[in-house]
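Asks: My questions all concern the structure below.
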Amino acid sequence: MRHTRPRRPRVLGLGVLSASVLLLAGCGIGGSGDPAETPLPPGANAELHAALPDAVKEAGVIRFAGDSHPPYRTVAGDGSITGIDRDFQDALARVLGVRTETVVVDSLPAALQGMLAGRYDAFNGPVKVTAERERQFDTVTWMTTRTSYVVPADSTLDVQAADDLCGRRVAVTTASVVEEQLRLLSGYCTRTGRPEVTSIGLADTNATLLAARSGRADAAGMTQAAAIDVTAQQQGVYTYVTQTEEQGATVDKLALYVPKSEELGPVMQRAFEELFRDGTYAGIMSRWGLDDVTVPAPELNAGTTP
């Protein structure tokens with residue numbers, strides 16, 4: 001909100017003038033008083049920085065919500081975060097000329113509701129693009145995925161394909177794309193004369209893996225990228241199978257989410273375009289072994305695009 005400044009007297013005392021000069025200097029403002037003259041960090045795109053919402057420019061930071069979801073986000077004991085999302089946040093910060101920070105939340109609903117409440121500016125998923133959610137959020141699609149099911153290597157079950165989980169218990173993150181895909185797998189099970197899958201909804205990927213290891217569930221459902229990471233990081237501990245189209249799977253578009261009210265979505269989409277152009281996108285995806293789930297270009301609001 002803008003406030004009209006009171007009219008100053010034409011003549012200022014020396015003490016008041018000195019205090020004003022010191023205040024301006026302390027704020028880092030140049031002689032013209034124009035904040036736009038403050039130099040941007042190296043690598044920043046001046047046009048994209050200028051297009052950011054005023055609130056973001058004034059704060060100098062984009063606040064991300066992020067749940068624990070390796071390899072997208074791995075939260076260490078000291079609170080530090082690594083992963084695909086961290087790499088993309090760093091890249092977006094460079095292009096936009098602002099900082100990014102992550103506040104760890106316990107679930108996807110907490111991230112979405114927190115954005116609508118103004119506590120966070122963005123959430124980088126993995127979240128499926130849907131027309132329903134795009135009524136409240138702008139989305140920028142930057143990868144695709146299939147759903148996989150991780151099984152403890154010492155399990156007594158013979159799980160060679162996703163439909164071997166018919167009649168079994170599968171832990172999934174509540175309200176995730178995987179939860180929806182598991183329903184489709186369960187439908188395939190009943191159509192082929194086998195018992196449906198029992199879904200166990202939990203807060204995050206770590207909780208689903210713990211459920212599978214403890215015997216509370218027979219498998220943990222997650223994105224294919226997450227399954228690749230889990231089995232690579234803990235070799236010999238887990239195996240995984242991937243749901244096929246015949247078993248109800250679809251190739252889902254995953255996106256970064258921002259509230260429509262912030263008008264940040266179009267700027268984020270243009271920032272991703274810059275990361276595609278300069279090779280940063282391909283480099284990050286390749287580093288995480290995700291070459292087979294890349295997209296040719298970032299897409300704004302793919303769920304409602306005609």
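Asks: Need the failing condition index for PRO306 against (1) modelled with pLDDT under 95; (2) farther than 20 Å from GLU132 by Cβ; (3) not assigned by TED's automatic domain parsing to the domain that holds ALA65, just the number.
Replies: (2)
Asks: Oh, and also: Could you please give the count of residues in the stretch 254-306 that are touching a strand residue (DSSP E or B) at 6+ places or on another chain (Cβ under 6 Å) and of a type in the set (Gly, Ala, Ser)?
Replies: 3
Asks: When MET143 is evaluated against the numbered criteria (1) among the aliphatic types (A, V, I, L, M); (2) in contact with a strand residue (DSSP E or B) (Cβ under 7 Å, 6 or more places away or on another chain); (3) surrounded by fewer than 20 Cβ atoms within 10 Å (Cβ to Cβ), which criterion, by number, is the only one it fails?
Replies: All conditions are met except number (3).
Asks: Mind listing just one residue for me: the one in the stretch 162-183 that is more than 13 Å from TYR149 (Cβ to Cβ) and not hydroxyl-bearing (Ser, Thr, Tyr) and, of those, surrounded by the fewest Cβ atoms within 10 Å (Cβ to Cβ)?
Replies: Among them, the one singled out is GLY167.
Asks: Any residue in the stretch 210-232 that's without any contact (Cβ under 8 Å) to a residue 60 or more places away in the chain: show its pairings with residues that are in a helix (DSSP H, G or I) and surrounded by 24 or more Cβ atoms within 10 Å (Cβ to Cβ) at Cβ separation under 9 Å, as long as the two are six or more apart or on different chains.
Replies: That search, which allows pairs on different chains as well, returns ALA217/THR208.
Asks: SER214 fails exactly one of the following numbered conditions: (1) in contact with a Pro (Cβ under 9 Å, 6 or more places away or on another chain); (2) more than 21 Å from ALA161 (Cα to Cα); (3) among the small types (Gly, Ala, Ser); (4) modelled with pLDDT of 95 or more. What is the number of that condition?
Replies: (1)
Asks: Still on this structure: I need the full set of residues from the stretch 154-184 which are assigned to a helix (DSSP H, G or I) and out of contact with any strand residue (DSSP E or B) (no Cβ under 8 Å at 6 or more places or on another chain), in order please.
Replies: Across the stretch 154-184, the qualifying residues are ASP163, LEU184.
The values are calculated or read from the model by the stated rules, or taken from the named source; none is laboratory data. For clarity, every value in this text was computed on a predicted model and none was experimentally measured. Every residue, glycine as well, gets a Cβ built from its backbone with ideal geometry; the counts of neighbours run over all protein chains shown.
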